[in-house]
């Protein structure tokens, strides 16, 4: 993915990593369209950041995805990058069925079906562009599980394998598939994350990601140094120790 000169749609970018990445990409000379569910929040973002376009989209709703895709392409026919950022993370206790089933279904709908619907809405258009990028967003938890978020871990593992598979299918097209693999970052993804001293500061994360995109435009995965502890535990042969270390803080915090 080139660092500049793109037209980029980022569903799920009204806050956290998504909005910070949208602003960083805009500053590099890209046209950026921010997508989100809350109209008032989109209006606030548009007013605060001139030049950002906004589109309402709910990736849990197939009709909303289809309508938003049409709106984006009508306004930006040169669209060539999709960053499927929308996602949710919830703590679950699978020992009690009433405590996890509704949450698990919501996580899978947003985190797995959402990106599938988004890619389905744009992949035909992208194959008509000289060069296009689909950026998926997995997680270090795709490779080492956090005990309290089973569905989230599984959803991000699914996104990793989806990315690997799509890269094979699209190898003879102008579309590249890039996987963004965040570690824990100080955002509001879950209660307490924004102030978690063990999570990576958001500004530091975005700066490192932008540096990697710029220095490695042909990268298949965007991995900051901090996520490699989780990403490569199995390859290094210390997977059990990685899982223990990952979950030690959760045990200490209850």
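A short reminder: the numbers here are calculations on the coordinates, not readings from a lab. Only a predicted model underlies this, so the values are computations on that prediction, with no experimental measurement involved. Here the Cβ positions follow ideal geometry from the backbone for every residue, glycine too, while neighbour counts run over all protein chains shown.
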Among the candidates 33, 45, residue that is in contact with a strand residue (DSSP E or B) (Cβ under 8 Å, 6 or more places away or on another chain), part of a helix (DSSP H, G or I) and either closer than 14 Å to residue 11 by Cβ or in contact (Cβ under 8 Å) with a residue 12 or more places away in the chain (or both): 45
Residues satisfying the stated conditions in the range 48-90, i.e. more than 30 Å from residue 153 (Cβ to Cβ) and assigned to a helix (DSSP H, G or I): 48, 67, 70, 71, 72, 73, 74, 75
Among (1) farther than 17 Å from residue 83 by Cα; (2) assigned to a helix (DSSP H, G or I) - the single one residue 145 does not satisfy: (2)
Given (1) more than 14 Å from the chain's Cα centre (by Cα); (2) surrounded by fewer than 21 Cβ atoms within 10 Å (Cβ to Cβ); (3) part of a helix (DSSP H, G or I), index of the condition residue 151 fails: (2)
Condition check for residue 128: more than 17 Å from residue 227 (Cβ to Cβ) and either in contact (Cβ under 8 Å) with a residue 24 or more places away in the chain or touching a helix residue (DSSP H, G or I) at 6+ places or on another chain (Cβ under 7 Å) (or both): no
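Hey, could you check the range 39-55 for residues that are touching a helix residue (DSSP H, G or I) at 6+ places or on another chain (Cβ under 9 Å) and surrounded by fewer than 16 Cβ atoms within 10 Å (Cβ to Cβ) and say which is farthest from residue 186 (Cα to Cα)?
Within the range 39-55, the subset touching a helix residue (DSSP H, G or I) at 6+ places or on another chain (Cβ under 9 Å) is 45, 49, 51-55.
If we keep only those that are surrounded by fewer than 16 Cβ atoms within 10 Å (Cβ to Cβ) too, we end up with 49, 51.
Numbers: 49: 22, 51: 26 Å.
Among residues in the range 39-55 that are touching a helix residue (DSSP H, G or I) at 6+ places or on another chain (Cβ under 9 Å) and surrounded by fewer than 16 Cβ atoms within 10 Å (Cβ to Cβ), the one farthest from residue 186 (Cα to Cα) is 51.
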Residues satisfying the stated conditions in the range 165-178, i.e. over 13 Å from residue 223 (Cβ atoms) and either touching a residue at least 24 places away in the same chain (Cβ under 8 Å) or not in a helix (DSSP H, G or I) (or both): 166, 167, 170, 171, 172, 173, 174, 175, 176, 177
Answer from 141, 146, 162 - the residue that is crowded, with 23+ Cβ neighbours inside 10 Å and touching a residue at least 24 places away in the same chain (Cβ under 8 Å): 141
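Any idea how many residues of the range 7-24 are touching a residue at least 40 places away in the same chain (Cβ under 8 Å) and either crowded, with 20+ Cβ neighbours inside 10 Å or part of a helix (DSSP H, G or I) (or both)? Step through it out loud before you land on a result.
Start the filter on the range 7-24 by keeping residues that are touching a residue at least 40 places away in the same chain (Cβ under 8 Å), which leaves 7-13, 15-18, 20-21, 24.
With either crowded, with 20+ Cβ neighbours inside 10 Å or part of a helix (DSSP H, G or I) (or both) added as a condition, the list becomes 8-13, 16-18, 20-21, 24.
Of the residues in that region, 12 qualify.
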